[in-house]
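The values are calculated or read from the model by the stated rules, or taken from the named source; none is laboratory data. Keep in mind it's a predicted model, so treat the numbers as computed, not measured. Note: ideal-geometry Cβ built from the backbone for every residue, glycine included; neighbour counts use all protein chains shown. Just the protein is used for accessible areas: all its heavy atoms, side chains included, with ligands, DNA and RNA removed. Shrake-Rupley method; radii C 1.70, N 1.55, O 1.52, S 1.80 Å.
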Number of protein chains: 10
Amino acid sequence: MPTQPSKKLERVPNAHPDRDYEIDLSIPEFTCLCPLTGQPDFATIRIRYVPDQWIVELKSLKLYMWSYRDEGAFHEDVTNRILNDLVAAIAPRRIEVTGDWNVRGGIKTVVTVRYEAP
Amino acid sequence: MPTQPSKKLERVPNAHPDRDYEIDLSIPEFTCLCPLTGQPDFATIRIRYVPDQWIVELKSLKLYMWSYRDEGAFHEDVTNRILNDLVAAIAPRRIEVTGDWNVRGGIKTVVTVRYEAP
Amino acid sequence: MPTQPSKKLERVPNAHPDRDYEIDLSIPEFTCLCPLTGQPDFATIRIRYVPDQWIVELKSLKLYMWSYRDEGAFHEDVTNRILNDLVAAIAPRRIEVTGDWNVRGGIKTVVTVRYEAP
Amino acid sequence: MPTQPSKKLERVPNAHPDRDYEIDLSIPEFTCLCPLTGQPDFATIRIRYVPDQWIVELKSLKLYMWSYRDEGAFHEDVTNRILNDLVAAIAPRRIEVTGDWNVRGGIKTVVTVRYEAP
Amino acid sequence: MPTQPSKKLERVPNAHPDRDYEIDLSIPEFTCLCPLTGQPDFATIRIRYVPDQWIVELKSLKLYMWSYRDEGAFHEDVTNRILNDLVAAIAPRRIEVTGDWNVRGGIKTVVTVRYEAP
Amino acid sequence: MPTQPSKKLERVPNAHPDRDYEIDLSIPEFTCLCPLTGQPDFATIRIRYVPDQWIVELKSLKLYMWSYRDEGAFHEDVTNRILNDLVAAIAPRRIEVTGDWNVRGGIKTVVTVRYEAP
Amino acid sequence: MPTQPSKKLERVPNAHPDRDYEIDLSIPEFTCLCPLTGQPDFATIRIRYVPDQWIVELKSLKLYMWSYRDEGAFHEDVTNRILNDLVAAIAPRRIEVTGDWNVRGGIKTVVTVRYEAP
Amino acid sequence: MPTQPSKKLERVPNAHPDRDYEIDLSIPEFTCLCPLTGQPDFATIRIRYVPDQWIVELKSLKLYMWSYRDEGAFHEDVTNRILNDLVAAIAPRRIEVTGDWNVRGGIKTVVTVRYEAP
Amino acid sequence: MPTQPSKKLERVPNAHPDRDYEIDLSIPEFTCLCPLTGQPDFATIRIRYVPDQWIVELKSLKLYMWSYRDEGAFHEDVTNRILNDLVAAIAPRRIEVTGDWNVRGGIKTVVTVRYEAP
Amino acid sequence: MPTQPSKKLERVPNAHPDRDYEIDLSIPEFTCLCPLTGQPDFATIRIRYVPDQWIVELKSLKLYMWSYRDEGAFHEDVTNRILNDLVAAIAPRRIEVTGDWNVRGGIKTVVTVRYEAP
């Protein structure tokens, strides 16, 4: 069963679109590369959203996270890009993405981005 | 004393309907089957509600939770269905149901659904 | 020094009635009997209130809690009754009583009742 | 289904007497009375034992613990008596009983008693 | 260097009075005497305030806390008095004082008092 | 990809049999049925062993745990049986199996069984 | 009911002298004075012992701890003296006294003293 | 690669200025000198901000924190100064700086300063 | 400053070879690939050793861990290999390597390997 | 009261040399410089010892720790040197020094050194 990292986020219909409810996903196994030094960075990504017509399919979300493994990415930028890609894929009513990055140079960084549909 | 899993939620009269108060129930022993793979899933279900004329009877709630043991159920859907069944059974003033699911594929999912009587 | 369980709650004057402030009492040693099976139940009772002219005397509160030791009492009902008795005894500006009950049948129950003086 | 507190500890055969193994039981709902003041005392009782031919039946153990509810008992003495009663009932190879008592007068007391069959 | 307990709270000028900011002080080593029994009581005192023109000098605050060591003081009263003395000494914009008292008679008491300048 | 519960434990060769080392497996998702009431029981199973020529294959271990889902099993007995089945399948140098069972009737039970090859 | 601090430790007969067992006492409310500065020091005292013919009476132990409130005492010395006084009063088979002192000058000190009867 | 402590905070362009999002930085390795005694003080500095056109460059932030190592600084003042320097360097939309200082004289101090762009 | 993943472990002389002492290294950022599925695995590696003539240089250790990022590796095998490579590089008196792997298929695996010089 | 960092460790007579007892000191505020980069390093130093004729004077210990503030020091070496200096100053019966260093390059280091008098 070959599976590959992929930037494509799949979606499935939300069975309860008549109601606002929250889905909270924690992904402690995110890694990418530092764009300056090329060395590995590690983070926990947390996604909280209120779906509209679609919910994100979890296996594709896992492969999406994997797709950053060999990419250089700044902490602030990659957290914003994950939010943008999720908004593009599932058009949620509200969404918040948090990147909780491991200590580098004695400093710990947490980036939190939010979006709300107009 | 034969007891059986059952989707029937029993109710008892609320002895203090003149007052808004909260009942918070935690049920760490919920299990159902994954609709895609047929393998067991595990969750903690938490129910917080403000009763109106009825409160849910706890033994029937336990048998109700048991009734999912051999059913296939998606995380998002089953959390919504538990809320719907409780609303139908006890017509609370407000209710919130949270399904806190064990890690699958390195991703942890928590689903939170709310209802408020008109 | 014979002390006895008693439903009588004593009060002492509030030395600072000109100001709203909070008193938060935790009583981890509450036990009564299940009205259905007669078996012991255990809870932690927590009382948070803003006093008006009176504050509750702590030794009488301890004897009051003791007075439930041989009584049958439903979780939801006894939490409401403790609040009612405190309102009758000390007429607080605001009060919240929480009964945090031990697990029964795999379900943990927490009941929270609030009152605010008109 | 009337159940009553009882000092009688029931036993069931150990299905694996050929092997030393440990059974560890925690009972956080123990209460008795202070022999000096008559006021309630609370403890967690923990029992760890290696069975020989018998293991203790859990429902009778629960009723046994309940039987102390209206008895006066010193911390040190009751912990020893629980051990003695268990040794008499199930003749374990080794057993340790711990009584972990709530704070009284600003002092927390934990009593640990051990027995080993000759 | 003789230091003595003292009810006198010293103050120093606030170097940043143009801005609202919070100072949060925790003092886990407070002890006084029970006014009824004369026995020692123990508490953690926590002070959170927004300074106006003055901030409290920490060494004098320490000696102030020490000054209660041989005084009888009710839980509710002493928490209010500490707040009053701080308001008199440094005239803060807002202040909250919490007294978190050790368990007595199986009951834990926390008293929280707030003041806001007109 | 149909997968089924199965009592068959698969094994793979130990690549480092020349050395004693420990493998520690935690399985928090074990459930079976109470042989007396037919109601679900829940446990965390922990396996610690020093392999000889074989190590247990993890997917078969997961299916093995699943195979208890519809079986009645006593706490003490099932913990011993899991150890026996592992000894039969992989003949380890040393092994310890712990069953950490959820509270029933206010009592928590932990069973620990050990085996050492002659 | 006047009670006074006192260096006199009372004892009561050990009802189970035929058996070695442990009594573990935690006293988080110990305070004395620093012999150099006269300022208050705070500690948690922990006593673990195996009684022989006597066990220490808890109310006298509380008054004993109170008796240090106005005494100057070095950390190392007072921990040794508490052990000596307990050995003199109850002649235990084994005893360990730990003084766990609050931070002073950025350094936390814990002193542990043991005695075993010949 | 010689690096030196420096009060100069570098900045890099914010790649997502169209959106309000939060950056949360924790720096547990801050030390300066007490202006009264000259002895070392230690703190954790936490910075939470919503960037406008600029974000702070992390290596320069590390050297900035290092620059306090040999300076005398009052707790309240240094926390305000760090906020002022960050506002001057990156002109954030909102920013909060917290200085969480180690215990001195039995008192723990936490200072929290906030700024919001007009 | 280009740095590259590398299997070469550098060493520096132990300045205190006359004495047995322990060095304990925790590396929470280890990732490799599952040899069966090719998907990423994550672990914390912990190394505890008593050096003889050499200690491991930390930067080379970091690059060594990085070198597994694109390799397929079984949990048990890679933990043994890390130990073997460290023994070859620094010939310690004693060493223990623990691989603490993230949950896969509901099972958490910890592998612990030890070596002692003859 | 000018105080200065100093490598001189003062000692005071042990008042109880007839008995083996333990003194456990934790110093969370240790900082020195990295010998390679000149940047600050941070550690918690823990000292556990059994005194013979002398105990270490705490104020001099604090100044001793301060004396490393501007020195370059390798993790392994400085932990050994602290032990050596303490042995030279107070000739304890047994002593253990632990240096628990903050994360550098994603690796946390703890060094533990022990000495026992012949």
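To make sure I understand the rule: partners must be aspartates and glutamates, Cα under 15 Å from the Cα of J:K108, and not fewer than 8 residues away in the same chain. Which ones qualify?
List returned: H:E29, I:E22, I:D24, I:E29, I:E57, J:D41, J:E76, J:D100.
Please report the spacing between the Cα centers of the range A:90-105 and the range F:44-118 in Å, no decimals.
Each part reduced to its Cα centre gives a spacing of 39 Å.
Report, in deg cm²/dmol and to the nearest 500, the calculated mean residue ellipticity at 222 nm for chain F, where each DSSP H run with n ≥ 4 adds -39500 (n - 2.57) and the sum is divided by the residue count.
Per the formula, -6500 deg cm²/dmol.
Mind checking which of H:V56, H:A73, H:A15 is farthest towards the positive end of chain H's charge dipole, using Cβ charges of +1 (Lys, Arg) and -1 (Asp, Glu) about the Cα centre?
Going by the Cα projections, it comes out as H:A73.
Mind checking the mean number of beta-carbon atoms from other chains within 10 Å of the Cβ atoms in J:108-116?
Mean partner shielding for this stretch: 5.
Which percent of the accessible area of the range I:11-116 is formed by carbon and sulfur heavy atoms (probe 1.4 angstrom)? Don't jump to the answer; show the numbers that get you there.
Values: 2060 of 3920 Å².
Of the solvent-accessible surface of the range I:11-116, carbon and sulfur hold 53 percent.
With respect to the symmetry axis carrying chain H onto chain D, which residue of chain H exhibits the smallest Cβ distance to that axis, and what is the value in whole Å?
Result for the H and D rotation: H:G106, 10.
So what is the accessible area of the protein assembly as shown per residue, in Å², with the probe set to 1.4 Å?
Computed with neighbouring chains in place, this is 42 Å² per residue.
Counting only other chains, and only Cβ atoms inside 10 Å, what mean value do you get across the residues of C:49-62?
For this peptide, the per-residue mean of nearby foreign Cβ atoms is 2.
Which ³J(HN,Hα) values, rounded to whole Hz and listed in residue order, are derived for the range B:71-83 from phi using the Karplus coefficients 6.51, -1.76 and 1.60 in 6.51 cos²θ - 1.76 cosθ + 1.60 with θ = phi - 60°, glycine and proline given as x?
9, x, 7, 6, 3, 5, 5, 5, 5, 5, 5, 4, 4
Among the lysines, select those whose C-alpha is under 18 Å from the C-alpha of H:K7, and discard any that sit fewer than 8 residues away in the same chain.
H:K59, H:K62
Using a Gaussian network for chain F with springs between C-alpha atoms less than 10 Å apart, which of these wobbles most: F:A91, F:A43, F:A15?
F:A15
List, in order, the whole-Hz ³J(HN,Hα) value for each residue of the range C:108-118 obtained from phi through the Karplus relation with A = 6.51, B = -1.76, C = 1.60 and θ = phi - 60°; use x for Gly and Pro.
Each residue's phi maps through the Karplus curve to give 9, 10, 10, 10, 10, 10, 10, 9, 9, 5, x Hz.
Could you give the semi-axes, largest first, of the ellipsoid that matches the protein assembly as shown, computed as the square roots of 5 times the alpha carbon gyration tensor eigenvalues and rounded to whole Å?
43, 43, 37
Out of the DSSP beta bridges found with both residues in the protein assembly as shown, what percent are antiparallel (nearest 5)?
95
Springs between alpha-carbon atoms under 10 Å, Gaussian network over chain G: tell me which of G:I45, G:I55, G:I107 tops the mean-square fluctuations.
Largest GNM mean-square fluctuation: G:I107.
Defining a contact as two alpha carbons under 8 Å apart and six or more residues distant in sequence, what relative contact order in percent does the range J:11-116 show?
Once normalised by length, the contact order is 29 percent.
First obtain the Kirkwood hydrodynamic radius of the range H:41-110 from its Cα pairs, then insert it into the Stokes-Einstein equation at 10 °C and 1.306 mPa s, and state the resulting D in µm² per second as a whole number. Intermediate values should be presented prior to the final figure.
Working: Rh = 13.0 Å.
D = 122 µm²/s.
At 10 °C and a viscosity of 1.306 mPa s, what translational diffusion coefficient does Stokes-Einstein give for the range J:1-93, taking Rh as the Kirkwood radius over Cα pairs? Give it in µm²/s as a whole number. If you can, show how the numbers build up before the last one.
Working: Rh = 14.0 Å.
Answer, rounded: 113 µm²/s.
Using only alpha carbon positions, build the gyration tensor of the range C:7-60, then give the equivalent ellipsoid semi-axes as the square roots of 5 times its eigenvalues, largest first, whole angstrom.
The equivalent ellipsoid of the range C:7-60 has semi-axes of 30, 12, 8 Å.
Under a GNM of chain A (C-alpha, springs under 10 Å), which listed residue has the highest mean-square fluctuation: A:R104, A:R48, A:R94?
Among A:R104, A:R48, A:R94, the largest mean-square fluctuation in the Gaussian network model of chain A belongs to A:R104.
Using the Karplus curve 6.51 cos²θ - 1.76 cosθ + 1.60 with θ = phi - 60°, what ³J(HN,Hα) values do you get for each residue of the range A:93-106, in whole Hz, with x for Gly and Pro?
5, 8, 7, 9, 10, 10, x, 10, 8, 5, 4, 9, x, x
How high is the relative contact order of the range H:5-70? Use alpha-carbon pairs under 8 Å, at least six apart in sequence, and give a whole percent.
Relative contact order for the range H:5-70 comes out at 50 percent.
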